[in-house]
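Let me begin by presenting the structure, written as structure tokens, before commenting on it.
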Amino acid sequence: MSANRKLNLKGMLRADLVELLAAIGKERYRADQLVRWLYRHRVSRIEEMSNLSRDSREHLASLSYISSLECLKEQVSEDGTRKFLFRLEDGNTIETVLIGEKERLTICLSTQVGCRMGCKFCLTGASGFIRQLTAAEIVDQVIRVVDLIAPRQTARGPVTNIVLMGMGEPLDNLEEVVRALEILLYDDGLQFSSRRITLSTCGLAPKIIELGERIEVSLAVSLNATTNELRSELMPVNRRYDLETLLAACRRFPLPGRRRITFEYILFSGLNDSLEDARRLVRLLSSIPAKINLIPFNEHPDLPEFKRPAPERIEAFLNYLLERNLTVMTRRSKGADISAACGQLRGLQSGAEEVVGGGV
Ligand code: SF4
């Protein structure tokens, strides 16, 4: 509900729209029309819904509205990565990143303003938590980015993939995130397939299981350490759900077809980049359909204690995994020059204090 006390149609599921229409005496099939207007044609005003009668539109507009994130700033990196700063209705700001790679165009979504997980290598850890994003605000990041890059196209335009990997821990906002995912998957809406959406978590083990029970999407886990001692130091969540608990939850996560869980492993010089770490990583993941995403750390002046390993060290780690037939990707940092790379999202307006960081 906004300051003007009207219901926000954006973020409503089909079932919510059926209920709203029933309350004003309209037929249930009109909910499908609303889904198409909201999420396929991405309209921002009820008056644009031209197959509803004038009377219906006026009635709806007297009760409801369609929210829209305000884009305050867009930055383009040397490598083409684009970062959007959006203003929310309450004045808070979030960032959304658009990353192009080969035939993929991926939107990286934020799910919270701030984050309470406190990972030591992420600027969010220092800035804390402000609030949860609503389903409308999560879905609207996709809608607004598509509006900005492909205004005349319907549905998702040229965007191929979504990752929930921006600011915040998605599983710490499970209700709104599941609602947003349901909407993103509507085949008469934005038309993403579950294969093309990946949720990344720092390891809230019970919520991993709940996510798998409620909706089908791909899962990524930010692992980053192979001992509980180091992981608890880097990621406080490990004190609640240790490696054994986390990996047990991953084993219970339903994986349709030949899908695998992605394990993200940020390589920090001298901390987790030894061959002994690589050996433990192989052992930990031996009973899970897994692929590993190696991410050499992006150094940042605000995190001077963490360094990127030397290239030979990265290569030795990578080769160790490849020789054991693991599927490994090394992620080249995208958008580091505009602070759009992993762990660098901030939600900053120029001149404002730094607010939050971004997830891995
Ligand atoms: S890495 Fe992700 S979960 Fe950890 S503090 Fe940053 S945003 Fe939160």
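Restricting attention to segment 187-196, and to residues there that are surrounded by fewer than 20 Cβ atoms within 10 Å (Cβ to Cβ) and in contact (Cβ under 8 Å) with a residue 12 or more places away in the chain, which single residue is nearest to R144 (Cα to Cα)? Spell out the reasoning first.
As a first pass, look at segment 187-196 and keep what is surrounded by fewer than 20 Cβ atoms within 10 Å (Cβ to Cβ): 187-188, 191, 193-196.
Checking which are in contact (Cβ under 8 Å) with a residue 12 or more places away in the chain leaves us with 188, 191, 194-196.
Details: D188: 18, Q191: 16, S194: 21, R195: 22, R196: 19 Å.
So the residue we want is Q191.
Answer with yes or no whether G203 is in contact with a helix residue (DSSP H, G or I) (Cβ under 7 Å, 6 or more places away or on another chain) and on the phi > 0 side of the Ramachandran plot. So G203 passes the test.
Would you mention how many residues in segment 144-165 are part of a helix (DSSP H, G or I) and farther than 21 Å from N8 by Cα?
In the first step, residues of segment 144-165 are kept if they are part of a helix (DSSP H, G or I); the result is 144-149.
Those still in the list that are farther than 21 Å from N8 by Cα too: 148-149.
So the count comes out to 2.
When the residues of segment 101-117 are filtered to those that are away from the ligand (no atom under 11 Å from the Cβ) and basic (K, R), which remaining residue is surrounded by the fewest Cβ atoms within 10 Å (Cβ to Cβ)? The residue in question is K102.
You will find that of L98, L148, the residue that is farther than 24 Å from L7 by Cβ, within 13 Å of the chain's Cα centre (by Cα) and more than 12 Å from the ligand (Cβ to nearest atom) is L98 and no other.
Give the residue, chosen from R252, R280, that is in contact with a helix residue (DSSP H, G or I) (Cβ under 6 Å, 6 or more places away or on another chain) and either in contact (Cβ under 8 Å) with a residue 60 or more places away in the chain or surrounded by fewer than 20 Cβ atoms within 10 Å (Cβ to Cβ) (or both).
Numbers: R280 fails: in contact with a helix residue (DSSP H, G or I) (Cβ under 6 Å, 6 or more places away or on another chain).
Going through R252, R280 in turn, just one is in contact with a helix residue (DSSP H, G or I) (Cβ under 6 Å, 6 or more places away or on another chain) and either in contact (Cβ under 8 Å) with a residue 60 or more places away in the chain or surrounded by fewer than 20 Cβ atoms within 10 Å (Cβ to Cβ) (or both): R252.
Among the residues of this structure, Q132 does not count as one that is over 25 Å from R240 (Cβ atoms), in contact with a Ser or Thr (Cβ under 9 Å, 6 or more places away or on another chain) and within 16 Å of the ligand (Cβ to nearest atom).
Of the residues making up segment 20-39, those that are modelled with pLDDT of 95 or more and of a type in the set (D, E, K, R) are D32, R36.
Could you tell me whether segment 166-176 includes any residue that is part of a loop (DSSP other than H, G, I, E, B), within 14 Å of the ligand (Cβ to nearest atom) and touching a helix residue (DSSP H, G or I) at 6+ places or on another chain (Cβ under 7 Å)? Yes, that holds for at least one residue. The selection criterion, being farther than 27 Å from T106 by Cβ and of a type in the set (S, T, Y), does not hold for S339.
Applying the selection to segment 16-42, what residues are more than 23 Å from the chain's Cα centre (by Cα) and of a type in the set (A, V, I, L, M)?
In the first step, residues of segment 16-42 are kept if they are more than 23 Å from the chain's Cα centre (by Cα); the result is 16-34, 36-37.
L17, V18, L20, L21, A22, A23, I24, A31, L34, listed by residue number.
Look through segment 291-318, keep the residues that are hydrophobic (A, V, I, L, M, F, W, C) and touching a helix residue (DSSP H, G or I) at 6+ places or on another chain (Cβ under 8 Å), and return whichever of them is surrounded by the fewest Cβ atoms within 10 Å (Cβ to Cβ).
Our first condition is that a residue be hydrophobic (A, V, I, L, M, F, W, C); within segment 291-318, this holds for 292, 294-295, 297, 303, 306, 310, 314, 316-318.
Those left that are additionally touching a helix residue (DSSP H, G or I) at 6+ places or on another chain (Cβ under 8 Å): 292, 294, 303, 316-317.
Values: I292: 24, L294: 20, L303: 20, A316: 15, F317: 24.
Here the answer is A316.
The C-beta contact set for segment 212-236 (first residue at positive phi and in contact (Cβ under 8 Å) with a residue 12 or more places away in the chain, second residue among the aliphatic types (A, V, I, L, M) and outside any strand (DSSP E or B), distance under 7 angstrom, 6+ apart or interchain) comprises N224/L234; N224/M235.
The values are calculated or read from the model by the stated rules, or taken from the named source; none is laboratory data. What you are looking at is a predicted structure, and each value in this text was computed from that prediction instead of being measured. Note that each Cβ is placed from the backbone with ideal geometry, even for glycine, and that neighbours are counted across all protein chains shown.
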